[in-house]
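Report on the following structure.
The values are calculated or read from the model by the stated rules, or taken from the named source; none is laboratory data. Quantities reported herein were computed from a predicted structural model and do not represent experimental measurements. Counting neighbours? That spans all protein chains shown, and the Cβs are built from the backbone with ideal geometry, glycine included. Keep in mind that these areas ignore ligands, DNA and RNA; they rest on the heavy atoms of the full protein, side chains included. Shrake-Rupley method; radii C 1.70, N 1.55, O 1.52, S 1.80 Å.
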Amino acid sequence: QIQFVESGGGSVQPGESLRLTCTASGNIENIRIASWYRRAPGKERELLVSNIRDGVTNYSDSVKGRFTISRDNAKNTITLQIDNLQPEDTAVYFCYGRQGFNEYWGRGIQVTVSS
């Protein structure tokens, strides 16, 4: 069983950037799908980006151009770079991984954007 732990969240001003890191307790090389989600106050969970192990990456239209996902198999991390943060990006961000029929979720990390 792999544990995911997010880090790098916090409070920022509009226009700033953050790098969220999801650190796995085990090898992520066999994680076929790595994704980031978020849940904003009063809203349902939203899929932001999915990276398929074969190299395909899909971004939701709401974050395309500002969010970038990357994997580092050597460090067992899945990173989300978020640029030009806006107040509507305020949410709890979750990392997710799927390996076969197994799904792994982090506990989430808060990102708050306000002036």
(message) Tell me the residue from ILE78, ILE82, ILE69 that is in contact with a helix residue (DSSP H, G or I) (Cβ under 9 Å, 6 or more places away or on another chain), hydrophobic (A, V, I, L, M, F, W, C) and within 30 Å of SER115 (Cβ to Cβ), please.
(response) ILE82
(message) As an exercise: evaluate GLY55 against (1) in a strand (DSSP E or B); (2) open to solvent by 20 Å² or more (accessible area, probe 1.4 Å); (3) free of Cβ contacts under 8 Å to residues at least 40 places away in the same chain and give the number of the one condition it does not meet.
(response) (1)
(message) Being at pLDDT 95 or above, open to solvent by 70 Å² or more (accessible area, probe 1.4 Å), hydroxyl-bearing (Ser, Thr, Tyr) and part of a strand (DSSP E or B) is the requirement here; does SER35 meet it?
(response) no
(request) Name every residue in the range 70-97 that is part of a strand (DSSP E or B) and either hydroxyl-bearing (Ser, Thr, Tyr) or in contact with a Lys or Arg (Cβ under 6 Å, 6 or more places away or on another chain) (or both), in order of residue number. (result) SER70, THR77, ILE78, THR79, GLN81, ALA91, VAL92, TYR93, TYR96
(request) Among residues belonging to the range 16-32 that are open to solvent by 40 Å² or more (accessible area, probe 1.4 Å) and outside any loop (DSSP other than H, G, I, E, B), point out the one that is nearest to ALA91 (Cα to Cα). (result) ARG19
(message) So, ILE2, is that one touching a Gly at 6+ places or on another chain (Cβ under 6 Å), in a loop (DSSP other than H, G, I, E, B) and surrounded by 12 or more Cβ atoms within 10 Å (Cβ to Cβ) or not?
(response) yes
(request) Taking only the range 84-106 into account, find how many residues are within 28 Å of GLY15 (Cβ to Cβ), of a type outside the set (Ser, Thr, Tyr) and within 13 Å of the chain's Cα centre (by Cα). (result) 6
(message) Condition first: in a strand (DSSP E or B) and more than 16 Å from LEU47 (Cα to Cα). Now tell me which residues in the range 98-109 satisfy that.
(response) GLN99, ASN102
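Quick grid of which residues meet (1) of a type in the set (Phe, Trp, Tyr); (2) modelled with pLDDT of 95 or more; (3) buried (at least 19 other Cβ atoms within 10 Å of the Cβ):
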site	(1), (2), (3)
GLU44	no, yes, no
LEU48	no, yes, yes
ASP83	no, yes, no
PHE101	yes, no, no
(request) Name every residue in the range 65-80 that is over 23 Å from PRO41 (Cβ atoms) and not hydroxyl-bearing (Ser, Thr, Tyr), in order of residue number. (result) GLY65, ILE69, ARG71, ASP72, ASN73, ALA74, LYS75, ASN76, ILE78
